[in-house]
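Below is one structure; the comments refer to it alone.
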Amino acid sequence: MPLPGGMDALTIVLAARHHDLWFYYAVMATIGSTIGGSLTYRFALQRGKPLLIRRLGEKLTEWLCRSFARWGFWAVAFPAMLPPPFPVVPFLLTAGATHYPKAKFVTALASGRAVKFTLLAFLASLYGRRVLIHAGGYYKSLLLWLLTAASIVGSCKICS
């Protein structure tokens, strides 16, 4: 199971190390993320609204369904642009469970992810080397390891 923010971190590291390929990494991250999100959409499309209620609870499900009724395209595109730890999966599940049109879903998700990964890769290509060099000195830090462990444990509890 991928970790939240894993694609973001990988895009940043790759674009920082190979700054001339930043656009390639942005495109590949967008394609991969869109394919993964489409699988989530398809899963929810088959399972329907009961899946949402069981996984997210009735209040959150109703709020998400109202968001889709009101915002449609932007209910997928905007969350797809946001960085971790903002959860995009509930919006992807809701799109499938509410039978949001697949073409609109893919367009919204790809658009949001393209904006996100293009900005990430571009900024990483400009400033990433300095950040990686500075952060490299902290890899032995106890605080860093504790935060990493807490993130993994927290993401496992959210997903289960």
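Taken together, the values in this text are just the output of simple stated rules run on the coordinates, not laboratory data. Everything numeric here is computed off the predicted structure, so don't read it as measured data. Here Cβ is always computed from backbone atoms with ideal geometry, including for glycine, and neighbour counts include all displayed protein chains.
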| note | Simple spin-label estimate for residue 53/residue 150, 7 Å along Cα→Cβ, in nm, reads 3.6 nm
| said: From the P(r) of region 19-63, could you give the percentage of C-alpha pairs in the tail past 17 Å? | reply: 53 percent
| Residues 98, 107, 30, sorted so that the one with the fewest Cβ neighbours within 10 Å comes first | 107, 98, 30
| said: Could you compute how fast region 6-129 diffuses translationally, taking Rh as the Kirkwood radius over C-alpha pairs and applying Stokes-Einstein at 20 °C with viscosity 1.002 mPa s? Give it in µm² per second. | reply: 145 µm²/s
